[in-house]
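Here the structure comes first, spelled out in structure tokens, and everything after it is commentary.
The values are calculated or read from the model by the stated rules, or taken from the named source; none is laboratory data. Fair warning: this is a prediction, and the values are worked out from it, not measured in the lab. Glycine gets a Cβ as well: all are built from the backbone with ideal geometry, and neighbour counts include every protein chain shown. Please note that ligands, DNA and RNA were not included when accessible areas were found on the heavy atoms of the full protein model with its side chains. Shrake-Rupley method; radii C 1.70, N 1.55, O 1.52, S 1.80 Å.
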Amino acid sequence: MLLGGWSLDRLLGDPSWLPHPVVGFGRLIGWGEHWLNRGTWRRLKGGAMAVVLILLAYFLAWALPRYIDFVIVFFCLAGTTLVREVRQVFVALDEGLEQGRRQVARIVGRDTTELTAQEVRTAALETLAENLCDGVIAPLFWYVLLGAPGMLAYKMVNTLDSMIGYRTDRYRRFGTVAARIDDVANFIPARLTALLMILVAGRPSLLRFVWTYGPRHASPNSGWPEAALAGILDCRFGGPHTYFDQLFDKPFIGTNPRPLSTPDMQRAVRIVVITEVVAVLLAAVLCFSF
């Protein structure tokens, strides 16, 4: 089921003509946020909504016939689409800065209207590293532990965090529980992602670099795969970003502020694709063994 679902993702990615469950998750979250994120008890209401939706996703997958598991795996793995979107950012940027800004806005939550070309490339590569965890390694991790229901529940966790897990005035209280659940769900996968990346790159010496810069990110998890990729590329990620009209001064990850280029993206993509293959095979062996 795992290998079949992954092969389907490698073949199709996320075709626009096919309804995706994460879109449905987003609509449920948006509906709940619209009605509940008001008045008093916002933290409690947001937490209750998050827990109910996560359990709903888990038991929905649990109730389905097991031969549907490969379809769940297909929908929950996002490696092919991730790589495609990052490549398109660099292609669009070659056509013009505005095109690059619009393209990178598809995959990042920050305000992209004022980004420089360097910042567009940096944002795309940061997202590539972070979403290798969110879109590949973490779903595989929860598949190994809890099967397809755990994988689908994780996607709900991740969707909740991406929609309401921000430290802005609007979401600070309502999304607190969702953000904390996401932190827990990604704690091991984020560090596993960084480890696999540096091993695939043949750079075990970067362990010290990742250990130094991984914890500096505002997120307890995002900094680890970003630090791994920054070390592999010998570049610098992080810095100030604007989310929902609020400026966040994120610490830098790495020390070399060199210009990034298309060959850097191509190298990063190779690392990410090979890391995904290794992770899938490792997960398949673990599932078969136990």
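Taking the range 187-238 as the range and being among the β-branched types (Val, Ile, Thr), closer than 18 Å to PRO139 by Cβ and either in contact (Cβ under 8 Å) with a residue 60 or more places away in the chain or open to solvent by less than 50 Å² (accessible area, probe 1.4 Å) (or both) as the test, only THR193 passes. Restricting the range 1-19 to residues that are in contact (Cβ under 8 Å) with a residue 12 or more places away in the chain and of a type outside the set (A, V, I, L, M, F, W, C), which is most open to solvent (accessible area, probe 1.4 Å)? Of everything passing the filter in the range 1-19, ARG10 is most open to solvent (accessible area, probe 1.4 Å). Of the helices (runs of 4 or more DSSP H) contained entirely in the range 46-134, those carrying at least 2 residues that are open to solvent by less than 60 Å² (accessible area, probe 1.4 Å) and free of Cβ contacts under 8 Å to residues at least 40 places away in the same chain fall at 79-95, 97-104, 117-132.
Within the range 261-271, the presence of at least one residue that is in contact with a helix residue (DSSP H, G or I) (Cβ under 6 Å, 6 or more places away or on another chain), surrounded by fewer than 20 Cβ atoms within 10 Å (Cβ to Cβ) and either over 19 Å from THR127 (Cα atoms) or of a type in the set (A, V, I, L, M) (or both) is confirmed. If you go through the range 222-252 and keep only what is under 18 Å from THR275 (Cβ atoms) and at pLDDT below 95, you end up with SER222, GLY223, PHE237.
For the range 1-45, taking the residues that are charged (D, E, K, R) and in a helix (DSSP H, G or I), the one that is farthest from LEU140 (Cα to Cα) is identified as ARG42. When the residues of the range 167-186 are filtered to those that are part of a loop (DSSP other than H, G, I, E, B) and out of contact with any strand residue (DSSP E or B) (no Cβ under 7 Å at 6 or more places or on another chain), the one that is surrounded by the fewest Cβ atoms within 10 Å (Cβ to Cβ) is ASP169. Looking across the range 143-166, the residues that are touching a Cys at 6+ places or on another chain (Cβ under 9 Å) and either farther than 25 Å from ALA284 by Cβ or buried (at least 24 other Cβ atoms within 10 Å of the Cβ) (or both) come down to TYR143, ALA148, MET151, LEU152, TYR154, LYS155.
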